[in-house]
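The values are calculated or read from the model by the stated rules, or taken from the named source; none is laboratory data. All figures in this text were calculated on a predicted structure; none of them were measured in a lab. Cβ placement follows ideal geometry from the backbone for every residue including glycine, while neighbour counts extend to all protein chains displayed. Ligands, DNA and RNA are excluded from the accessible area calculation, which covers all protein heavy atoms including side chains. Shrake-Rupley method; radii C 1.70, N 1.55, O 1.52, S 1.80 Å.
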Amino acid sequence: MSRGRHLALVALAASPLLVVCLAAVVASRGSAAAVAAAWLVGAALLEVVLWRAGGRPHRELLGQLGASSTGDAGIRVRELRGEAALDRAERERMAVLVEDLSSGLGEGLVVVDTGLKIRLANRVALRFCGVEQVRTGTHLLEIFREPEGVEAFESAAAGGRPGPIIVSNPRGLWEVRAFPVRGGGAVGLLSEVSLIRRAAEFRRRFVQDLSHELRSPLTVLRTTVEAMEGELSAELADMLVRQVERIDRLASELNELATIESGQLDLELDAVAPAAVVREVLADFRPEAARLDVDLRDEVTDELRCWCDRRGLYRVLSNLVDNAVKYNRPGGWVRVRGRAAEGSVALEVSDSGEGIPASELQAVLQRFYRVDRARTPGRGGLGLGLAIVKHLVQVMGGTLALDSREGVGTTVTLGFPIESPADVVHPAG
């Protein structure tokens, strides 16, 4: 408000005061000069009050803007508008970047707050939900029809870490994984696993069919070699027999691995005495160990019991002892030790062999993987033994840990429950 307009407002507001003063003069027969003086004093006081009251918001605004004048305030306002525009542009760029990144993941991405209100959902997530678009702030339940998935998000939003779950809907077979977000809320990854499952099933069937198809020609080869044994040199006959046996072992292990992976393995889980199984396994390998000058040591007590399949345990220990003897050195040793620990039994197969490089510890558990052949000349394996061990232990409900130091030796630790998990009584609360 300008100073002139303010004075005009004061004069107008003081008019009633002038009327009151004139009435007082008429009533008291005072002079007109006194009336004028009283009016001027009242108007001045009113002007001061109105000016201060009207100017206070203006001064407060200048203080908040850090300006000393109206001109400075205008400059500051323009600066703030520019900063706000830059901030909006940056948020829009970040939103586009997040959308591009989430779309490029190949997986569904859903971000929710603590109240399960959707903050972000990429295109794959929309396809999972069967919708074309979703507004920010929509509740997850409005588009997420799978109760197990919603429960996973609820758990993660509350700070939990639920495991992955498999969800089937008309759009395919999906794996849903939810994780908590610092500050509240959850992020979920949705992966379509239909193709992966089909590929795994195709591979399993191919491997199983291949192992069966190898049986007939192997039988013919073995019979032919045996029939020609008198016509061939001993060295050539031995070489042919070894190669036929190698292919036969490959076919057997392929079929065994495919059977385990398919879940068709017939297991008889029961309380097993591992000491008896260990004695059988070591007895089988004593001739070969003696030939290679490797000492076999049995340190498993008879009172131990573990919950597993006896034939499966025999197969697992056979593969482990076979590797431990094969990749050992003259004068070395292989030890099988057993101990009870916190409701489970641990069986350790240790050796003083060549060890495994740290970079290959996890890879050796994969099918057909072998440590550098140059390091183990003449001791060829098929790379299936440890893969069979891993899968057999898993289907029996056990655990496997591998520890190795190159040039020192390897220890494989198997863990099995002492009794059936269904028989374990958990304390209340």
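Summary table below
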read-out: Derived scalar couplings ³J(HN,Hα) [segment 387-403; Karplus, 6.51 cos²θ - 1.76 cosθ + 1.60; whole Hz; x for Gly, Pro]; value: 5, 5, 4, 4, 5, 5, 4, 5, 5, 8, x, x, 10, 9, 10, 10, 10
read-out: Segment 250-356: radius of gyration over Cα atoms, expressed as a fraction of 2.2 N^0.38 Å; value: 1.14
read-out: Segment 252-351: antiparallel DSSP beta bridges as a percent of all, rounded to 5; value: 70
read-out: Phi-based couplings in Hz for segment 172-185 (Karplus 6.51, -1.76, 1.60; Gly and Pro marked x); value: x, 9, 10, 9, 10, 10, 10, 10, x, 10, 4, x, x, x
read-out: Sequence-distant residues sharing a close amide H with residue 122 (under 5 Å, placed H); value: 109
read-out: Separation in nanometres of the label points that stand 7 Å from Cα toward Cβ, at residue 131 and residue 148; value: 2.2
read-out: Among 393-402, 282-291, 132-141, the order from most to least packed when residues are scored by Cβ within 10 Å on average; value: 393-402, 282-291, 132-141
read-out: Relative contact order (percent, whole number), segment 270-353, Cα cutoff 8 Å, 6+ residue spacing; value: 34
read-out: Residue 291-residue 161 FRET efficiency (beta carbon distance; Förster radius 60 Å; 0.05 resolution); value: 0.70
read-out: Å² per residue, accessible surface of segment 222-303 at 1.4 Å; value: 61
read-out: Rough spin-label spacing in nm, given labels placed 7 Å along Cα→Cβ, for residue 311 and residue 175; value: 3.1
read-out: Simple label model, 7 Å out from Cα along Cβ direction - residue 77 to residue 195, nm; value: 5.8
